[in-house]
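Asker: This is the structure I want to talk about, given as structure tokens.
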Amino acid sequence: MVGAMRSYAQYCPVAKASEILGDRWTLLIVRELLGGASGFNELQRGLPGISRSVLTDRMRALERAEVIERRIGPKGRTLGYRLTAGGRDLEPVVQAIGEWGATWSFTEPRPEELDPDLLIVWMARHVDRGSLPPNRIVIRFDLRDPKRRYWMVLEPSEVSVCLQHPGFDVDLEVSVDTSTLYRVYLGRVELSGALRAGELTMSGPQALQRGLRRWFTWSAFAPASRSAQQRRAAASRRPGPDRVRIAP
């Protein structure tokens, strides 16, 4: 039955957690909420491919499990969702799963995995606003394959992404393939390396070009991507669990 929580019938914390988090899309919903998404439509935009009915089902299940809670307006209308204390406690879990994926299951991106709309939102979430100059900075991103254009408005108080010209002068222009920008964001390629190879170009004052290297913190999983080889080598040296013999 849709919406029914499946039980493993095991009195085990891993089994209990898997009953809540093991369905398809559930951990990605938690990832989006941890990233700052709150509205239903915002969540759906961050999860390309999910249907509204499946998202509704997963949100209800997470609410029943007290992982998320609704923000209700004065007339009973749902204003959005937020993580409970238990939901926020999943942050190191999601981080650990992402680091494992970056270490053991990350390959070059397939064309169907390259979503520039999603990438630009992720990048906006990972701006270090504390390192921004006091004046507003507008960056135009020209992405290729698929071809998209975005404007990102950076201010210490707010970062916004525009699909149309925001009406402010552009301070810095960045031109790059979507796949290259994904690899930079996820730590598979260094920004400096992409610049040297001509895979990413910038046009604008040198001070702003240097600033771009500081303003974006990139993905939380980028360090694990960069150190994947060392992490695999370290894991291979760790001893396996002791075997317990069960007599017939």
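Asker: For GLY101, which of the numbered conditions (1) over 16 Å from the mean Cα position of the chain (by Cα); (2) touching a residue at least 60 places away in the same chain (Cβ under 8 Å) fails to hold?
Answerer: (1)
Asker: Another question, if that's okay. Please enumerate the residues belonging to region 70-96 that are open to solvent by 90 Å² or more (accessible area, probe 1.4 Å) and either out of contact with any strand residue (DSSP E or B) (no Cβ under 9 Å at 6 or more places or on another chain) or not β-branched (Val, Ile, Thr) (or both).
Answerer: Filtering region 70-96 for residues open to solvent by 90 Å² or more (accessible area, probe 1.4 Å) gives 72, 74-75, 77, 82, 88-89, 91.
Those that are open to solvent by 90 Å² or more (accessible area, probe 1.4 Å) and either out of contact with any strand residue (DSSP E or B) (no Cβ under 9 Å at 6 or more places or on another chain) or not β-branched (Val, Ile, Thr) (or both): PRO74, LYS75, ARG77, ARG82, ARG88, ASP89, GLU91.
Asker: Across region 1-27, what is the total count of residues that are farther than 18 Å from GLY86 by Cβ and open to solvent by 70 Å² or more (accessible area, probe 1.4 Å)?
Answerer: Selection size over region 1-27: 9.
Asker: Yes or no: ARG245 in contact (Cβ under 8 Å) with a residue 12 or more places away in the chain and either of a type in the set (Lys, Arg) or touching a Pro at 6+ places or on another chain (Cβ under 8 Å) (or both)?
Answerer: The answer is no for ARG245.
Asker: I would also like to ask the following. So, in region 48-69, exactly how many residues are in a helix (DSSP H, G or I), under 19 Å from LYS16 (Cα atoms) and open to solvent by 50 Å² or more (accessible area, probe 1.4 Å)?
Answerer: Total meeting the criteria: 3.
Asker: Next up: Which of the residues belonging to region 103-148 are more than 22 Å from GLY49 (Cα to Cα), open to solvent by 70 Å² or more (accessible area, probe 1.4 Å) and in a loop (DSSP other than H, G, I, E, B)?
Answerer: Passing the criteria: PRO134, ASN135, ARG136.
Asker: Quick one: in region 39-68, of everything that is among the β-branched types (Val, Ile, Thr) and touching a residue at least 24 places away in the same chain (Cβ under 8 Å), which residue is farthest from ARG125 (Cα to Cα)?
Answerer: Checked region 39-68; the qualifying residue farthest from ARG125 (Cα to Cα) is VAL54.
Asker: Considering (1) open to solvent by 30 Å² or more (accessible area, probe 1.4 Å); (2) part of a loop (DSSP other than H, G, I, E, B); (3) without any contact (Cβ under 8 Å) to a residue 60 or more places away in the chain, say which one GLY36 fails and leave the rest.
Answerer: (3)
The values are calculated or read from the model by the stated rules, or taken from the named source; none is laboratory data. Predicted model, so just to flag it, every value in this text is computed and none were measured. All Cβ positions, glycine included, derive from the backbone under ideal geometry; neighbour counts span all protein chains shown. We work out accessible area using only protein heavy atoms, side chains counted, and drop any ligands, DNA or RNA first. Shrake-Rupley method; radii C 1.70, N 1.55, O 1.52, S 1.80 Å.
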